[in-house]
Each structure stands twice: as C-alpha cells, then as structure tokens.
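Visitor: I am attaching a structure below and will ask some questions about it afterwards.
Read the figures in this text as sums done on the coordinates, not as results from a lab. The structure presented is a predicted model; accordingly, all values stated were derived computationally and were not measured. All Cβ positions, even for glycine, are placed from backbone atoms using ideal geometry, and neighbour counts span all protein chains on display.
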Amino acid sequence: MNDPGEAIRRQGYAVLDVEPDLSADPPRPGYAITVGLIERGQSNLLILGLPSPMSRMILATLADHGLNHEPLPLNAPLAGFFDGLEPVLRPLDESAAAAWLNRPHPLDAAPIGLSIDRSIDRSIDRSIDRSIGWSKKQQLHGWASSGPLPGDRSRLLQVVWPDASGHYPWEAEFDDALRPAQPLLGPN
C-alpha cells in the first residue's frame, strides 16, 4: 500500500520512510516511523538504521499486534515475533529525539513512487503533528508534545534491534560498527 492516507483509513496507521542522509556530518541512518497510532490509543514507533523493507515489516508487525492485542511491553526483548530478532521498545528522550529528528519532514523525503495528493498530505501532516508533536514549523523550533498516552506511555517509542550476537546498543558487547546506524534516542 503506497498511499499513507489510504493505509491509515484501512489499517489504522501508515509507515513512512526517510532515506539515510550520507551528506550529514556525521552521516545519519535512514529510518521508518508509524503515523496514525496515537488516534487509536497506541504509541507511534520509530526504527533506525535497517533497510526500508525490513523496517516496514517490523513496524507493521508490531503496530498490528498493538492494535489487535494488548500493548507491547517496554524495555524487554519481544520474543516470538521475528525469527532470530528480538527488538526492544524504548521510550524516547524528547530532547535527544528532537535534536536527531530535526531533519527534513518525512513527507518531503517520501520515496519515489509514494503518491500523496494535497488533501492526503495535509491529513498526514496533521496526524504526524498530533502523534509526535512534529510539524514542519515545530520542527524548526524544537520538540513539541501534547502529553503522554493513557497509562503514561510515551507517544513515540524507539524500536531497538540487537546485533548478530543478540546484544543491544546499551550493552558493552554491542558491535561498535553498528552504533552509528542505531543511535539511542532515549535513556541508556
């Protein structure tokens, strides 16, 4: 499904991709983010540094589970979703997330082939703004948020993936070569 507005209408969320910024100093990994989940009482999800198809699959699987079952636990490996991969959901630190996300808006960096007409563009922009307090204007002036979800859940969670040995970025054993691909935007 290439139309985010249609995806939100049909399944309750859309996944947007932002390509890596290799010209930045230091280079920034690409990421994928869900929009639309806040309106359904769920946190939106952000994943950094994995190829787009894998990021989209992970976010869609976790979003579908959250919409159709109980909310997923925070700060614990999510076993049983992906063969050999146990991601962890972690709340974001607003100042770290604001600094890192202060880059072009996902709709401006939409991949080729993503058709967004002007009315859909505006509705998704509003959804992003409601979901993570992020609009094009707010992005220039820092992070904005309208408070936590029921149960004090963060409005945006980082999906953190382990290295090939099963270590996470907050562990000393994590593969140092992967650290730039997955900066932690929350407390360590």
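Visitor: Determine the sum of side-chain charges near LEU67: Lys and Arg each +1, Asp and Glu each -1, restricted to other residues whose C-beta is under 13 angstrom from that of LEU67.
Guide: Neighbour charge sum, excluding LEU67 itself: -1.
Visitor: Give me a comma-separated list of calculated 3J(HN,Hα) values for segment 21-37, in order, Karplus coefficients 6.51, -1.76, 1.60 applied at θ = phi - 60°, integers in Hz, x for any Gly or Pro.
Guide: For segment 21-37, the Karplus-derived couplings read 10, 6, 8, 5, 10, x, x, 10, x, x, 8, 10, 9, 8, 10, x, 6 Hz, x marking Gly and Pro.
Visitor: Can you tally the net charge around ALA32? Count Lys and Arg as +1, Asp and Glu as -1, for every other residue whose Cβ sits under 13 Å from the Cβ of ALA32.
Guide: After counting each charged neighbour, the total is -1.
Visitor: Something else about it: Could you tally the net charge around GLU171, taking each other residue with its Cβ under 14 Å from the Cβ of GLU171, Lys/Arg +1 and Asp/Glu -1?
Guide: -3
Visitor: By count of other Cβ within 10 Å, fewest leading, how are HIS167, HIS69 ordered?
Guide: Final ranking by Cβ density, sparse to dense: HIS69, HIS167.
Visitor: Continuing with this model, one more query. For the residues TRP100, TRP161, TRP170, what sequence is obtained by ranking on other C-beta atoms within 10 Å, fewest first?
Guide: Ranking TRP100, TRP161, TRP170 by Cβ neighbours within 10 Å, fewest first, gives TRP170, TRP100, TRP161.
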